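Encoded as structure tokens, the structure appears first; notes follow it.
No lab work stands behind these numbers, since they all come straight from the coordinates. All values reported here derive from a predicted model rather than from experimental measurement. Cβ: placed from backbone, ideal geometry, glycine included. Neighbour counts: every protein chain shown.
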């Protein structure tokens, strides 16, 4: 677990290092951490209980966005074994919402962690607050995951 958190921290550092310096017309969304899903979260038939994530996104006032997002969804296979789903994406659009949250979207790759080939060009959308995040992967909207470790900044 510690190694995975270190990997996410390194991913965040890399993502942030390639982001341009934020101008007044830009919003930077950054963070790394862990969260817990409420009961009933399921993606592609895999029940999920939590996630680990890293993101570094710049949202321009025009609605475009750049940056990367990665999350490891912590799940359990139908046989009761751990099955973690890795989701990686690049942001292409985004907005800062009236409530102070931010939403960004793009396409990404989903590795179901079951030995099958990864799913490519999957539409992704992430809405973040300083307290957690909500993912839309393909046509599946997951319930909001509450932040349990790490942090998320929107500035």
- Please give the peptides 133-146, 105-118 ranked by average Cβ packing (other Cβ atoms within 10 Å per residue), highest first, as a rough proxy for protection. 133-146, 105-118
- Task: Only residues of the range 114-155 count here: report those whose backbone N is under 19 Å from the spot 7 Å along Cα→Cβ of residue 107, or say none.
- Result: 117-126, 136-140
- Query: So what does the Cα-only Debye profile of the range 71-155 read at q = 0.10 Å⁻¹, as log10 I(q)/I(0), no solvent term?
  - Reply: -0.28
- Task: Find how many whole Å separate the alpha carbon centroid of the range 98-155 from the alpha carbon centroid of the range 32-77.
- Result: 3
